[in-house]
Amino acid sequence: MPVLEQDAVLVRMLASGINPSDLIPVTGAYRHRTNIPFVPGFDGVGEIFAVGEHVDRALICRRVLPLGSAGNWQTFKAAPADWCIEVPSDITDEQAALAYVNPLTARLLVEALNPQHGDLVGITAAASQIGRMLIRMLSAAGARPLAIVRSSSALAALHSEAVADVVLEGTDLPVLDAGFDAVGGICGARLAASIQPGRPFVHYGLFSGVPLTSALLEGTQASVKLFRLRDWVHSVPRERLRAAMAQVFADIRSGRAASVVAAHYPLEEFRTGVAHNAQSGRHGKIILRL
Ligand SMILES: NC(=O)c1ccc[n+]([C@@H]2O[C@H](COP(=O)([O-])OP(=O)(O)OC[C@H]3O[C@@H](n4cnc5c(N)ncnc54)[C@H](OP(=O)(O)O)[C@@H]3O)[C@@H](O)[C@H]2O)c1
């Protein structure tokens, strides 16, 4: 059991989602940055089981998201009390287990873009969970999402979403007002090259594993921006994070940031869960039951 400091709580974890960012240390990428022993898991929900000396005992049994650090793929996690966000009772464990990484990022990306009515916005890896959230949030804001996917199964999966069009990677793109890229490499560069001069191209993921070098972006006149949730979360006052998460819970209720779940695995079967996560054509997240 972790040692409990005075301002910390012990969270009995219930469920945690598997996200691409969790797999960086799991696969050994950037191994020089990973200090072991290391427990993955940035998303996840649990119940407060015990509190440190300086923490209100009334918090015991409350359902929370212990944010700000990895370590959610375990049964008990010690976390600073002020990093725990209480989960409203109408949000299910399943949705709460996936409420942070993708829903908050999608909200922040769309807020920062502040799209104008009718803006045509390209989205790569559009059938990913965050891609779908971006589609719904952009469309609710009056913009026209253009979904870019790599496979025919992803193309079919987006049929019911409110998109202006769905195209396969490599298709000629029209002139766009903005773009969100989670792929990088040639796919990301093609999206960047299609955006009007000075308009935003936001790169937030690297599914292809190929960085967007200046050579790949040569000739792009879009305004290139990078986004990392971790940087935002650790740079804003905790009250700002709480307010943003309150909006995220509303987005989940409205369906805009609701996650589709493909399968659940008990923690002991995490290897099977990680292998399932790696399968192409998986449309939905994998949840570890803790
Ligand atoms: N910067 C940040 O702070 C931040 C925060 C949240 C998420 N992200 C990023 O957002 C991306 C999506 O995350 P997620 O959790 O929503 O993913 P996910 O739902 O687990 O992703 C599955 C989907 O991604 C597609 N995909 C996988 N590899 C691809 C590739 N090389 N090219 C095109 N499509 C590919 C799959 O397509 P198929 O159906 O063809 O297999 C599938 O539709 C990740 O890159 C993640 O790191 C970044």
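Here GLU86 and LEU168 are evaluated by their C-beta separation; at R0 = 45 Å the FRET efficiency comes out at 0.60. If the chain linking HIS234 and LEU59 were pulled fully straight, counting 0.36 nm for each residue of separation and taking away their Cα-Cα distance, it would gain 60.6 nm. Taking the Cα atoms only, what angle lies between the long axis of helix 101-113 and the longest principal axis of the chain, rounded to 10 degrees? On a 0 to 90 degree scale, this one is about 50.
Of the DSSP beta bridges with both residues in the chain, give the percent that are antiparallel, rounding to the nearest 5. Percent antiparallel among DSSP bridges in the chain is about 45.
Placing a pseudo-label 7 Å from each Cα along the Cα-to-Cβ vector at THR34 and ARG12 gives an inter-label distance of 3.0 nm. For the chain, a Gaussian network of Cα nodes joined below 10 Å ranks ASN72, ASN19, ASN35 by mean-square fluctuation, and the top entry is ASN35. The phi-based Karplus calculation (6.51 cos²θ - 1.76 cosθ + 1.60; θ = phi - 60°) puts the 3J(HN,Hα) values of the range 164-178 at 6, 6, 10, 10, 7, 3, x, 5, 4, 9, x, 6, 10, 8, 5 Hz, whole numbers, x for Gly and Pro. For PHE76, nonlocal amide neighbours, meaning residues 5 or more places apart or on other chains whose placed amide H falls under 5 Å from its own, are MET13. A Förster distance of 41 Å, applied to the separation of the beta-carbon atoms of ASP93 and GLN196, puts the FRET efficiency at 0.40. With no solvent and one equal point scatterer placed on each C-alpha of the chain, evaluate the Debye formula and give log10 I(q)/I(0) for q = 0.08 Å⁻¹, two decimals. After summing over all Cα pairs, the log10 values are -0.35. For the range 33-74, applying the loop criterion from DSSP together with a ceiling of 13 other beta carbons within 10 Å to the chymotrypsin sites (Phe, Trp or Tyr not before Pro) yields PHE38.
Specify whether the C-alpha gyration tensor of the range 102-230 places it in the rounded, prolate or oblate class, a ≥ b ≥ c being the square roots of the eigenvalues: rounded for a/c under 1.5, otherwise prolate if a/b is larger than b/c and oblate if not.
rounded
Evaluating 6.51 cos²θ - 1.76 cosθ + 1.60 at θ = phi - 60° for every residue in the range 217-233, the Karplus couplings come out as 8, 4, x, 5, 10, 5, 8, 8, 10, 10, 10, 9, 3, 3, 4, 5, 4 Hz, glycine and proline recorded as x. Counting beta carbons within 10 Å around each of ILE18, ILE60, ILE36, ILE195 and listing the fewest first gives the order ILE36, ILE60, ILE195, ILE18.
Using every pair of separate Cα atoms, the Kirkwood estimate puts the hydrodynamic radius of the range 120-184 at 11.3 angstrom.
Shown in residue order for the range 82-96 are the 3J(HN,Hα) couplings computed by the Karplus curve 6.51 cos²θ - 1.76 cosθ + 1.60 at θ = phi - 60°: 7, 9, 9, 9, 5, 9, x, 5, 7, 8, 5, 4, 4, 6, 5 Hz (x for Gly and Pro). Tell me which of ALA50, HIS203, ILE186 sits at the most positive position along the dipole axis of the chain, charges placed on C-beta atoms (Lys, Arg +1; Asp, Glu -1). Final value for the positive-end residue is ILE186. Helix content alone sets the calculated 222 nm mean residue ellipticity of the chain: runs of n ≥ 4 DSSP H residues at -39500 (n - 2.57) each, divided across all residues, give -8000 deg cm²/dmol. For the range 191-260 versus the range 100-160, the inter-centroid distance based on Cα atoms is 11 Å.
Taken together, the values in this text are just the output of simple stated rules run on the coordinates, not laboratory data. All values reported here derive from a predicted model rather than from experimental measurement. Backbone-built Cβ (ideal geometry, glycine too); neighbour counts: all protein chains shown.
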